[in-house]
Every structure is written in C-alpha cells, then in structure tokens.
1. Taking H as built 1.01 Å from N, whose amide H comes closer than 5 Å to the amide H of Ser70, not counting residues under 5 places away?
2. Mind scanning Lys118/Lys266; Lys118/Lys262; Lys262/Lys317; Lys123/Lys266 and naming the pairs with a C-alpha gap bigger than 21 Å?
3. Label points 7 Å out from Cα along the Cβ direction at Glu45 and Val115: separation in nm?
4. Could I have the simple spin-label model distance between Glu289 and Ile88, label points 7 Å from Cα toward Cβ, reported in nm to one decimal?
5. Calculate, for Gln185 and Ser140, the FRET efficiency according to 1/(1 + (r/R0)^6) with r their C-beta to C-beta distance and R0 45 Å; round to the nearest 0.05.
6. Long-range amide H contacts for Ala193: which residues qualify at under 5 Å (H placed 1.01 Å from N, peptide plane, sequence gap of 5 or more or a different chain)?
7. According to a simple spin-label model (label point 7 Å from Cα along Cα-to-Cβ), what is the distance in nm between Ser133 and Phe102?
8. What's the extension gain from Ser314 to Phe161 if we count 0.36 nm per residue and subtract their Cα-Cα distance?
Amino acid sequence: MDRAKDIIVDLMEVNSFIEKGQKNNAEQDKGRDCNVSSLVDPLSEDIAKFTEDVPIVKCEGMDWVNCYKSECSIAMEIQKTVKEIVCIYKDVFYLDDRNVYFGNPITVNGNEKYVLNKSDHVKVDCTGKDRTSSLHAHWSGYGFGLRPVPTKSVLDGKDSFNVMILYFGSTSRDGFIRKMRKSYQYMTKQLNAVILNSYLIAYFEDMPRKDTSQNKFNQFRRQPIDHYLQTSLLTDIGKGENWNRNKNWYQGRPADHCFGAKPHYKLMMDLADEFLQLHGMKFCFTFVEDLAYDNFTVLPTVDETLLSFLRTLSARKALEDTLVLIMGDHGSR
C-alpha cells in the first residue's frame with residue numbers, strides 16, 4: 001500500500017513538472033508560428049530522478065555452436081572443455097508464417113564446419129565427453145546465419161546507399177534519449193547524426209482497432225524476403241519458459257529475452273552486422289520489439305550493445321555507404 005502511494009506521489013510530481021513546462025512553452029510561443037518541440041529536456045535531472053537502474057539481460061549457459069555468415073562451427077571455449085564432439089544439423093525451412101519443417105539430419109564430427117546452403121537457420125543436437133571427467137555432455141540449440149543468396153541488384157553502389165533501419169518498439173524519441181544515453185551521445189557527438197526533432201508528423205492507419213500491423217494478413221505462400229528470422233521463431237526456440245501463447249510475447253524473467261545464450265537484440269544486431277558485409281546493395285529492417293513491450297524500464301540494457309554496433313559500423317567505414325535510421329514508435333504503454 002505504501003509503495004502504491006509513493007508511485008501516485010511520483011506521478012503527481014511528473015504531471016506537475018510537465019504542466020509547468022507546457023505553461024512556460026506557451027508563454028514563450030506567444031506571437032510565434034507553431035513549432036514542434038519537447039515539453040521538457042529528457043536529460044534533465046528532474047526527469048532522471050524517475051529513472052531506475054535495472055539489471056541487464058543475462059542469458060544462461062553457453063552455445064556450443066556459433067554461426068558466422070554461412071559457416072557454423074563449435075565454439076573454441078567448448079572445444080577446450082569437451083572432446084569427441086558429434087553434432088547433428090537439421091536445416092529449418094519456412095512453410096508459412098505459422099509453420100516450419102526440418103530438413104534431413106546431417107552429422108558433423110569434431111571441429112568440422114557446417115555450411116548453410118539452403119536455410120539461414122539450423123537446429124543442432126551435439127554430444128561429447130568432458131575432457132576432465134569423461135562424463136557424457138549434451139547440448140541442443142539453434143544456429144543463425146546467412147546462406148548465400150544471388151545478388152539481385154544491378155546498382156553499382158557509387159550513387160546508392162545501403163539502408164539499415166533499427167526499430168525499437170514501445171520507445172518514444174525522448175524515451176530513447178533518456179534510456180540510451182551512451183548510444184545517443186555517440187550518435188550525436190561522434191557520428192554527427194541528424195536528429196529529426198523539427199519535423200511535422202503524420203500518423204495514418206486504416207484499422208486502428210487492429211493495431212498498425214496487418215496481423216491478419218500474414219500468410220505468405222513462400223518466404224517473403226531473402227533472410228527471414230520469423231522462420232526460427234516458429235520453432236521451439238520461440239517459446240521461452242514464460243511464453244504467453246495468447247499474446248505471443250515474452251513476459252517475466254530477463255532470461256526470457258534470450259535465444260539460447262544470447263539476448264534477442266544482440267543476436268539481431270550481430271546478424272545485421274554480418275548482413276551489411278555481404279556483396280551487393282542491402283536493405284535491412286531490424287525490429288527490437290520484445291524487450292520494452294511490457295516493461296519500458298529494461299530498455300537501457302540494450303545501450304552498450306547498440307553503442308558497440310554503431311562503433312563497429314563506423315570503424316569498418318560502413319556508414320560511408322549505408323543510411324542508418326534508428327526509430328521508435330508510441331513510447332511505453
């Protein structure tokens with residue numbers, strides 16, 4: 001009960017602070033043309049005091065198999081501790097947006113590599129023996145990579161840009177600035193990013209009661225794009241311990257935000273980085289929706305990963321020919 005009263009008092013303070021900002025802006029804007037601006041500074045101390053530190057997402061265990069682009073192999077850390085490793089790989093194939101099927105099993109021994117030729121996703125079952133105790137060891141999981149796809153573009157790249165759209169669901173502009181401070185500072189101070197804070201905004205939708213996505217019309221008869229993570233989400237990896245089958249979202253423990261031993265957002269940014277290194281012109285849409293959907297306060301756990309991702313692109317000079325758009329939507333629910 002006391003905690004509820006504290007929350008109400010905090011909300012009243014926030015509301016009072018925003019109202020003061022509105023009144024000040026109204027006084028300053030008298031006699032001026034309309035201008036879209038923030039009511040308050042998202043980095044101000046008054047706003048920061050309502051932000052709580054949260055634990056970062058930590059995934060359990062260690063993945064035996066890592067994939068980079070089209071090659072999957074046993075992780076070096078596993079090779080040091082496990083011997084006589086035998087892995088069975090099964091490609092995961094897209095059927096439609098509710099169903100997948102698995103390919104024929106292929107056995108790979110030791111540190112031999114498995115090459116992705118027909119699918120970006122593979123289910124893996126491995127066995128071996130502990131090097132110190134000779135006890136049997138087992139691991140089951142999934143590999144995510146990028147199979148070779150013929151280059152379709154006829155552009156020479158001289159006057160064209162790759163496009164990388166990184167979308168954070170349930171994240172407003174000010175919310176991003178407040179929660180992702182390290183990334184925001186790097187974007188603005190080091191990369192000279194353009195912040196779209198003086199634009200008029202239009203928001204159109206045809207079925208507001210059905211949300212803004214056409215979630216009833218997603219039954220493609222074949223995989224709609226070259227590299228499609230949805231294929232893996234339809235397997236058992238897309239059903240964490242606290243999976244909510246009715247809402248199709250993860251809820252509960254931080255570990256539920258993981259694909260194996262790696263957070264969802266880290267896996268997707270790693271795949272995006274690999275994708276942008278492929279030959280030809282690229283268009284990449286990475287949608288980080290799960291993390292902040294039910295709890296916006298956990299968004300800062302992405303900050304270091306996003307900062308590392310941007311630094312990697314900058315160091316590789318990928319930003320010279322790649323337009324990177326980082327965006328959100330309506331903010332916390």
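Computed from the coordinates by the stated procedures, all read-outs in this text should not be read as laboratory data. This one's a predicted model, so the numbers in the text were calculated from it and none came from an experiment. Don't worry about glycine lacking a Cβ; one is built from the backbone with ideal geometry, like all the others, and counts go over all protein chains shown.
1. Residues meeting the criterion, in which the H sits 1.01 Å from N, are Leu146.
2. Distance filter (> 21 Å) returns Lys118/Lys266; Lys118/Lys262; Lys262/Lys317.
3. In this crude label model, Glu45 to Val115 measures out at 6.2 nm.
4. Roughly 3.4 nm, to one decimal.
5. 0.65
6. For Ala193, whose amide H was placed from the backbone, the distant partners under 5 Å are Thr188.
7. Result for the modelled spin labels: 2.7 nm.
8. Working: separation 153, 0.36 × 153 = 55.08 nm, distance 1.50 nm.
Between Ser314 and Phe161, full extension yields 53.6 nm more.
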